[in-house]
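Structure first, commentary second.
The values are calculated or read from the model by the stated rules, or taken from the named source; none is laboratory data. Quick caveat: nothing in here was measured; it's all calculated off a predicted structure. Positions of Cβ are generated from backbone atoms using ideal geometry, with glycine treated the same way; all protein chains shown enter the neighbour counts. Areas reflect the complete protein model, heavy atoms only, side chains present, ligands, DNA and RNA absent. Shrake-Rupley method; radii C 1.70, N 1.55, O 1.52, S 1.80 Å.
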Amino acid sequence: MSEPAAKVFVADDNPAILLGIDRALNNSGYEVHTARNGAEVLRLLHASAHAPDLVLLDVMMPEMSGIEVLHAIRAEARFSDVPVVLITANNDGDLPVSALRDGAVDFLAKPFRLDELMARVASHVRRHRDLRRAREQARMRLEAIDLIRELNRVVTSDEMFHLVTTRTAQILGVARCSVVVVDHAARVARVAASSDGSAGEELTLDLDRYPEIRACMETGARVAVEDVATSSLFDAQREAWAASGVPAPLRSVVVVPFPISPTLSGFFLERSGPNEPALGEEAADLGERVVEAIVQACGRVQVFQDLMEQRRRLHDMAHTDSLTGVATRRALFLYLEDALALARQRGEPLGIVVLDLDHFKEINDTHGHLAGDAVLRAFGEWLRSEGALRANDRAGRYGGDEFVVVLPGTDAAGALGFAERARAGFAATAFSFDGRRVDTSLSAGIACWPQVEVTTGEELISCADAALYQAKQLGRDRVSLASAARTPDPARAITPAA
């Protein structure tokens, strides 16, 4: 749309001159505000929501002279760049020089030709608007550079979309910027991110209410509508607003497309409300730069996410037993040493349970190694099942059919409770090989620091392993607790209830 009418403030104590200037400016399409003295024009300036494009001041006025008003205007940052033209009948030759030094952009002597005044007004308004536009463009470019630098540090698409929407809204001075993803096959538009926080899989848009997005989808090019109130693109939408009895909620819109996949397209959407700044070419150019940064950042984010996934897989391969899904022996020992050091630091107990599957060799010999693997896999699944372990507990495969569970902050009673749950859970697991049911059981040995005096995690496992040996010797399918002397106490062996 064309720019709004330029706002001109005029102050002169001569009613005839004031009326003549007012009429001439109004007839030329300017928005004119008049005052009969200097104090009144300052009140008008302070009451105005936006700074004017030009101020015309008579030098000789009651209460405050034009020179005094000029000084007051230049003293306020808000009006520091507003062009001021002085008009006077004073023949003092030094006055124009001093006025220009004080910040006036022009000086006009009375009597003056009206066409000359209008030419100077037009020239100064145009120059002021060009300067303001150039400053705004420079500001947006600098802030866009800062935004792109910030994008270089993002590592997820959610973080990227949140950053571009919130920062662009701040740069433009509007409440809402959004990233919209359109599924062409389903013709569904979803808000992936929005500066006002309204986004998510559940938030879909009715494309019939967004003619700018439809136009962008059809042309594949950016769409910029500076004046929604007069744009033919919004004819149907304005009728809908009028029929609903609601005022138009929009002043301007900008949409810039970007590719995502063969079936998905992204759209960067800028919208300004009735009381927000109009979105012109500067906003559209900013949208283009943001989209270029999004496309580049998407590539970096994908590479980063691929690398992180690769690292996760490599970590899992190094730290997770492939058959049972619990920690490897090495990963378990590392965790145990850290847990023991933390227990000493905090003065908290640390429990260790060593679990061994009873008669496992017989299962392998009778039914084959695949059957043995199935048994091991099933116990690993139980250890990883919900409720089996707490968040800080760690289970690992110690070797063959032997498992170790580290229980931070757990004394002998707590470790015993876990071991009994594990024994009962494994016994309840039904196995059938070669058409025959196979019953299983396990034995467990427990050692708890500081009840047993050890200095390393390996020594603590050795104590629990000795307790496990005791449980095996006493008939299997039971739990044995290591004594304080670092050897299992035969009297503490626990036999299952008959």
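Would you confirm whether any residue within region 244-254 is part of a helix (DSSP H, G or I), touching a Phe, Trp or Tyr at 6+ places or on another chain (Cβ under 9 Å) and either among the aliphatic types (A, V, I, L, M) or within 29 Å of Arg132 (Cα to Cα) (or both)? Within region 244-254, not a single residue is part of a helix (DSSP H, G or I), touching a Phe, Trp or Tyr at 6+ places or on another chain (Cβ under 9 Å) and either among the aliphatic types (A, V, I, L, M) or within 29 Å of Arg132 (Cα to Cα) (or both).
Regarding Arg43, is this residue at pLDDT below 90 and in a helix (DSSP H, G or I)? Step through it out loud before you land on a result.
Values: at pLDDT below 90: no; in a helix (DSSP H, G or I): yes.
Taking the combined requirement at face value, the residue does not satisfy it.
Residues that are open to solvent by 60 Å² or more (accessible area, probe 1.4 Å) and either touching a Pro at 6+ places or on another chain (Cβ under 6 Å) or in a loop (DSSP other than H, G, I, E, B) (or both) within region 223-243 comprise Ala229, Thr230, Leu233, listed in sequence order.
Regarding region 38-48, can at least one residue be identified that is crowded, with 17+ Cβ neighbours inside 10 Å, more than 30 Å from Val253 (Cα to Cα) and in contact with a Leu (Cβ under 6 Å, 6 or more places away or on another chain)? Looking for residues that are crowded, with 17+ Cβ neighbours inside 10 Å, more than 30 Å from Val253 (Cα to Cα) and in contact with a Leu (Cβ under 6 Å, 6 or more places away or on another chain), one finds none in region 38-48, hence no. Checking each residue in region 346-380 for being hydrophobic (A, V, I, L, M, F, W, C), more than 24 Å from Phe418 (Cα to Cα) and open to solvent by 10 Å² or more (accessible area, probe 1.4 Å) picks out Ile363, Leu370. When Asp196 is tested against (1) closer than 20 Å to Pro277 by Cβ; (2) assigned to a helix (DSSP H, G or I); (3) open to solvent by 60 Å² or more (accessible area, probe 1.4 Å), just one condition goes unmet, and that condition is (2). If you filter region 124-174 down to residues that are open to solvent by less than 60 Å² (accessible area, probe 1.4 Å) and not in a helix (DSSP H, G or I), you find that the one that is modelled with the lowest pLDDT is Val155.
Listed here are the residues, each with its yes/no results for (1) free of Cβ contacts under 8 Å to residues at least 24 places away in the same chain; (2) surrounded by 17 or more Cβ atoms within 10 Å (Cβ to Cβ).
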{"residue": "Arg384", "(1), (2)": "no, no"}
{"residue": "Asp401", "(1), (2)": "no, yes"}
{"residue": "Val404", "(1), (2)": "no, yes"}
{"residue": "Leu407", "(1), (2)": "no, yes"}
{"residue": "Phe418", "(1), (2)": "no, yes"}
{"residue": "Ala424", "(1), (2)": "yes, no"}
{"residue": "Thr429", "(1), (2)": "no, no"}
{"residue": "Ser432", "(1), (2)": "yes, no"}
{"residue": "Gly445", "(1), (2)": "no, yes"}
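If you scan region 477-498, which residues turn out to be assigned to a loop (DSSP other than H, G, I, E, B), more than 55 Å from the chain's Cα centre (by Cα) and either modelled with pLDDT of 90 or more or among the hydrophobic types (A, V, I, L, M, F, W, C) (or both)? Full working, then the answer.
Residues of region 477-498 that are assigned to a loop (DSSP other than H, G, I, E, B), as a first pass: 477-478, 483-487, 489, 493, 495-498.
Then drop every residue that is not more than 55 Å from the chain's Cα centre (by Cα), which leaves 485, 487, 489, 493, 495-498.
Across region 477-498, the qualifying residues are Ala485, Ala493, Ala497, Ala498.
For the subset of region 380-405 comprising residues that are in a helix (DSSP H, G or I) and out of contact with any helix residue (DSSP H, G or I) (no Cβ under 6 Å at 6 or more places or on another chain), which member is nearest to Asn364 (Cα to Cα)?
Going residue by residue through region 380-405, those that are in a helix (DSSP H, G or I) are 380-384.
Among the residues that remain, those that are also out of contact with any helix residue (DSSP H, G or I) (no Cβ under 6 Å at 6 or more places or on another chain) are: 380-381, 383-384.
Values: Gly380: 17, Glu381: 19, Leu383: 21, Arg384: 23 Å.
The selected residue is Gly380.
Of the set (1) touching a residue at least 24 places away in the same chain (Cβ under 8 Å); (2) surrounded by 15 or more Cβ atoms within 10 Å (Cβ to Cβ), all apply to Ser28 but (2).
Given region 406-470, what strands (runs of 3 or more DSSP E) lie entirely inside it while holding 2 or more residues that are small (Gly, Ala, Ser)? Full working, then the answer.
Numbers: elements: 431-433, 436-438, 442-449.
Because the criterion is at least 2 residues that are small (Gly, Ala, Ser), the strands (runs of 3 or more DSSP E) in region 406-470 that meet it are 442-449.
Scanning region 171-205 for residues that are of a type in the set (D, E, K, R) and either out of contact with any strand residue (DSSP E or B) (no Cβ under 8 Å at 6 or more places or on another chain) or closer than 22 Å to Ala144 by Cβ (or both) gives Arg176, Arg187, Asp196, Glu202. Pairs are defined by a Cβ separation below 6 Å, a sequence spacing of at least 6 or placement on different chains, a first member in region 98-113 that is farther than 17 Å from Asp81 by Cα, and a second member that is open to solvent by 50 Å² or more (accessible area, probe 1.4 Å); the pairs so defined are Lys110/Ala89.
Do we find that Pro211 is within 18 Å of Gly273 (Cα to Cα) and exposed (fewer than 12 other Cβ atoms within 10 Å of the Cβ) in this structure? Full working, then the answer.
On the way: within 18 Å of Gly273 (Cα to Cα): yes; exposed (fewer than 12 other Cβ atoms within 10 Å of the Cβ): no.
No; evaluated as a whole, the condition is false for this residue.
Looking only at region 331-350, decide whether some residue is among the acidic types (Asp, Glu) and not in a loop (DSSP other than H, G, I, E, B). Checked against the condition, which is being among the acidic types (Asp, Glu) and not in a loop (DSSP other than H, G, I, E, B), region 331-350 yields at least one hit.
Looking at region 98-107, is at least one residue part of a strand (DSSP E or B) and buried (at least 20 other Cβ atoms within 10 Å of the Cβ)?
no
Candidates in region 49-87 are the residues that are in a helix (DSSP H, G or I), open to solvent by less than 10 Å² (accessible area, probe 1.4 Å) and of a type in the set (A, V, I, L, M, F, W, C); of these, the one that is modelled with the lowest pLDDT is Phe79.
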